[in-house]
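The values are calculated or read from the model by the stated rules, or taken from the named source; none is laboratory data. Quantities reported herein were computed from a predicted structural model and do not represent experimental measurements. Note that each Cβ is placed from the backbone with ideal geometry, even for glycine, and that neighbours are counted across all protein chains shown. For accessibility, only protein heavy atoms count, side chains too; no ligands or nucleic acids. Shrake-Rupley method; radii C 1.70, N 1.55, O 1.52, S 1.80 Å.
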Amino acid sequence: MGAGELLVVGLVLVLGLCGVLVPGVPGSWLVWAAVLWWALYDPRPLAWAVLVGASVVLLLTQVVRWTLPPRRLRASGATPRMGAYAGTGAVLGFVLLPVVGAIPGFMAGIYLHERLRLGRRAEALAALRTTMDAGGSSVLAELFACLLITAGWLVAVVWGG
């Protein structure tokens, strides 16, 4: 697979990551489809292993999401800007504190958004709890899974030969 095709796969992965944060967009399916496309055009055992791993991670994520409360983020006051803060925090956390940093980064992004909006620490913490209870944990689980898959793809492309 050439550099241009890898760039397109990477862009679809980024679009999928953004899609996780936007209601109605099948972000996790875009991430899986990008890995599938890459595996079909680069049929090496490593590519197929990444595809199988991505499939397992997404299936496990769906099981986890079924156990969490349904998404009612709009009712809790969540906005697209809050999603952008949460997503940015998750990605920064994932990079700065590999893998596990996505969870506190996601929550820190929501907290920062609410702190800037509301101004007080206690109100921002209460808004964070409300958002996480209203479905933020479900979004976090899906985003975390997609970040893991994207990181696996990136490692396979860069160091897989």
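Each residue in segment 1-37 was checked for being in contact with an Asp or Glu (Cβ under 8 Å, 6 or more places away or on another chain) and in a helix (DSSP H, G or I), and 3 pass. In segment 107-127, the residues that are free of Cβ contacts under 8 Å to residues at least 24 places away in the same chain form Cβ pairs under 9 Å with partners that are among the aromatic types (Phe, Trp, Tyr) and open to solvent by 70 Å² or more (accessible area, probe 1.4 Å), at six or more places apart or across chains, as follows: Ala108/Tyr85; Tyr111/Tyr85; Leu116/Tyr85. Being among the small types (Gly, Ala, Ser) and open to solvent by 30 Å² or more (accessible area, probe 1.4 Å) is a property that does not hold for Gly16.
Yes/no matrix, rows are residues, columns are (1) modelled with pLDDT under 95; (2) out of contact with any His (no Cβ under 8 Å at 6 or more places or on another chain); (3) within 23 Å of Val14 (Cβ to Cβ); (4) assigned to a helix (DSSP H, G or I):
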residue	(1), (2), (3), (4)
Thr61	yes, yes, yes, yes
Trp66	yes, yes, no, yes
Pro69	yes, yes, no, no
Gly83	yes, yes, yes, yes
Arg117	yes, yes, no, yes
Ala122	yes, yes, no, yes
Met132	yes, yes, no, yes
Leu140	yes, yes, yes, yes
Leu148	no, yes, yes, yes
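In segment 1-15, the residues that are closer than 15 Å to Ala39 by Cα reach residues that are open to solvent by 80 Å² or more (accessible area, probe 1.4 Å) and of a type outside the set (Ser, Thr, Tyr) with C-beta atoms within less than 7 angstrom, at least six apart or across chains, in these pairs: Val9/Trp37. For the residues Val95, Val100, the requirement of being loosely packed, with under 15 Cβ neighbours inside 10 Å, outside any loop (DSSP other than H, G, I, E, B), at pLDDT below 95 and not charged (D, E, K, R) singles out Val95.
For segment 103-136, residues that are surrounded by 18 or more Cβ atoms within 10 Å (Cβ to Cβ) and among the hydroxyl-bearing types (Ser, Thr, Tyr) total 2.
Restricting to segment 1-13, name every residue that is among the β-branched types (Val, Ile, Thr) and either open to solvent by 70 Å² or more (accessible area, probe 1.4 Å) or more than 14 Å from the chain's Cα centre (by Cα) (or both). Residues satisfying the conditions are Val8, Val9.
The set of residues in segment 73-92 being touching a Ser or Thr at 6+ places or on another chain (Cβ under 6 Å) and surrounded by fewer than 22 Cβ atoms within 10 Å (Cβ to Cβ) consists of Ser76 alone.
Within segment 24-45, the set of residues being in contact (Cβ under 8 Å) with a residue 24 or more places away in the chain, open to solvent by 60 Å² or more (accessible area, probe 1.4 Å) and closer than 14 Å to Cys146 by Cα comprises Trp32 only. Quick one: is Ser55 surrounded by 14 or more Cβ atoms within 10 Å (Cβ to Cβ), farther than 30 Å from Leu6 by Cβ and of a type in the set (S, T, N, Q)? Taking the combined requirement at face value, the residue does not satisfy it.
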